[in-house]
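Engineer: Got a structure for you, questions after.
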Amino acid sequence: MSTFEILMPKMGESVEEATITKWFVSVGDKIEEDDVLLEIATDKVDSEIPSPVEGIVKEILYETDALVPVGKPVAIISLEGEDGGSDDGAEPAATAEVEKSVEAAVEETASAPAQDFAESDKFYSPLVKSIAKEEGVSVQELDSIKGTGQNNRVTKNDILAFVSDKTSGSAAPKAASAPKASPAPTPAAAPIQRPPVSVSGEDEIVQMDRMRKIIADHMVMSKQVSPHVTAVVEVDMTNIVLWRNKNKAAYQEKYGEKITFTPIFFEATAKALRDFPGVNASVDGDNIIYRKNVNIGMAVALPSGNLIVPVIKQADYKNLAGLTSDVNRLAGLARNNKLAPDDIQGGTFTITNFGSFKNIIGTPIINQPQVAILAVGAIEKKPAVIETPTGDVIGIRHKMFLSLSYDHRIVDGSLGGNFLRRIGDYLEQFDIDRAL
């Protein structure tokens, strides 16, 4: 009987594995081509996986919450319309081996002691956590591993090397053999102690969902990695507001897109990033990586209350119409949980819009491994001094605050302040007579 293996798909260049969060089918179910089989999750995004074939579900090789490497079979579909078992004898040896390895992995995971990674303030990928659980590596041991990845993160190779050394005994402490004349080592920083939280009978306890846990870990990691500094400027948005009010109907008729202020922010920011490449960068240990592409992320609030950051690639090469199309498309995909993994990868800078919630200013946390993030406040009418050839007058202007949080390891006040002011200048110099 012919069968078809459903493989864990490749979900992006840097994604090596994914977690099965939900099965929509069971063994014996008849499925049509393009029927959704399962939902998977990576560190970046959730995706539904459709069936490329029609048939009957013969086997499901991994249960919900299993962490599966890219390219591994997750299910087997019978293509002949019924599951009649083996026609010509035993199943192929390769299939049997897959089943044995799956069973062994399940048994090993079940017997491994559960680890509470919430005890650690460090960020670890799901793959590293999975290896730690399977190999019985404690949270304390995991925290002691010196990471070789970006921002000193522990990689797969780091933890495998630790496990190998531990097995051979070479990972044991060697302090006893140190010469007496050696200076005393600097004591390690005490782990941060979380305050105790009391709960009353009227309180409701809700477990964080997977995305919220990832966001929480990422935000804590960013504050630990980067010394944050925030600068603020006020920008006169009057020309932009008047231009949009005059042209939004004609713009939609011409391009089939609604024009918001967001693509205008992206246009000005992309120009400023080209002017100040030191902000379009990352830090890797003692090395500074200056990014060749200007890929700007857009923080999008989801209906679930979580946050995701799709990325507009090579934003500096796109005109206002192209940026508008990308902004609207990615925002729609994000809110409908339809983003592909590549849509949220490769960002070099991020913009978040506090103004959409009527907030006038904010101090956002840097989206690692970037070194800066721009916050856009609400646009408000304010009285302001206007210089005219006949003297100063008081007029009503549309004003907005921009705030920039930046990594003080490589972005100093001069660079950060001038970059932020340049964005403001581009916005204030917007041509009110600009053609569509």
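The values are calculated or read from the model by the stated rules, or taken from the named source; none is laboratory data. Keep in mind it's a predicted model, so treat the numbers as computed, not measured. Backbone-built Cβ (ideal geometry, glycine too); neighbour counts: all protein chains shown.
Engineer: Between E234, E267, E253, which is surrounded by fewer than 18 Cβ atoms within 10 Å (Cβ to Cβ), part of a helix (DSSP H, G or I) and acidic (D, E)? Talk me through it step by step, then tell me what you get.
Structural biologist: Numbers: E234 fails: part of a helix (DSSP H, G or I); E267 fails: surrounded by fewer than 18 Cβ atoms within 10 Å (Cβ to Cβ).
Only one candidate passes the filter, namely E253.
Engineer: Out of the residues in the range 45-61 that are modelled with pLDDT of 90 or more and within 31 Å of the chain's Cα centre (by Cα), state the one that is farthest from I77 (Cα to Cα).
Structural biologist: Among them, the one singled out is L61.
Engineer: Can you tell me which of (1) at pLDDT 85 or above; (2) exposed (fewer than 10 other Cβ atoms within 10 Å of the Cβ) is the one P183 doesn't meet?
Structural biologist: Failing condition for P183: (1).
Engineer: To continue, here is another question. For the range 128-155, which residues satisfy the criterion of being outside any loop (DSSP other than H, G, I, E, B) and modelled with pLDDT under 65?
Structural biologist: Of all residues in the range 128-155, those outside any loop (DSSP other than H, G, I, E, B) come to 128-135, 139-144, 150-152.
Selection gives Q150, N151.
Engineer: Looking at T21, T42 in this structure, which one is at pLDDT 85 or above and hydroxyl-bearing (S, T, Y)?
Structural biologist: Values: T42 fails: at pLDDT 85 or above.
Going through T21, T42 in turn, just one is at pLDDT 85 or above and hydroxyl-bearing (S, T, Y): T21.
Engineer: I've got another one for you. Output the residues belonging to the range 382-412 that are surrounded by fewer than 11 Cβ atoms within 10 Å (Cβ to Cβ) and either under 29 Å from G347 (Cβ atoms) or of a type in the set (D, E, K, R) (or both).
Structural biologist: Keep residues of the range 382-412 that are surrounded by fewer than 11 Cβ atoms within 10 Å (Cβ to Cβ), which gives 383, 385, 387-394.
Result: E387, D392.
Engineer: For the range 372-381, state whether one or more residues are in contact (Cβ under 8 Å) with a residue 24 or more places away in the chain, surrounded by fewer than 17 Cβ atoms within 10 Å (Cβ to Cβ) and outside any loop (DSSP other than H, G, I, E, B). Break it down into steps so the answer makes sense when it comes.
Structural biologist: Going through the range 372-381, the residues in contact (Cβ under 8 Å) with a residue 24 or more places away in the chain turn out to be 372-379.
Imposing the further condition that a residue be surrounded by fewer than 17 Cβ atoms within 10 Å (Cβ to Cβ) reduces the set to 378.
Checking the rest, the ones that are also outside any loop (DSSP other than H, G, I, E, B) come to none.
No: zero hits.
Engineer: Right, something else. Inspect the range 403-416 for any residue being over 23 Å from I288 (Cα atoms) and modelled with pLDDT of 95 or more and give the result as yes or no.
Structural biologist: Pass one, the range 403-416, residues over 23 Å from I288 (Cα atoms): 403.
Applying the additional criterion that residues be modelled with pLDDT of 95 or more yields 403.
Looking for residues that are over 23 Å from I288 (Cα atoms) and modelled with pLDDT of 95 or more, one finds at least one in the range 403-416, hence yes.
Engineer: Quick check on the range 16-43: of everything there that is of a type in the set (S, T, Y) and assigned to a strand (DSSP E or B), which residue is surrounded by the most Cβ atoms within 10 Å (Cβ to Cβ)? Let's see the steps before the verdict.
Structural biologist: Initial filter on the range 16-43 (of a type in the set (S, T, Y)): 19, 21, 26, 42.
Next, from what is left, pick out any that are assigned to a strand (DSSP E or B): 19, 21.
Numbers: T19: 19, T21: 16.
Here the residue is T19.
Engineer: Still on this structure, I have one more. What number of residues in the range 254-312 are of a type in the set (D, E) and modelled with pLDDT of 95 or more? Give the steps one after another, and end with the answer.
Structural biologist: Step one: filter the range 254-312 for residues of a type in the set (D, E), giving 257, 267, 275, 284, 286.
Narrowing the set further to residues that are modelled with pLDDT of 95 or more leaves 267, 275.
Going through the range 254-312 one residue at a time, the tally reaches 2.
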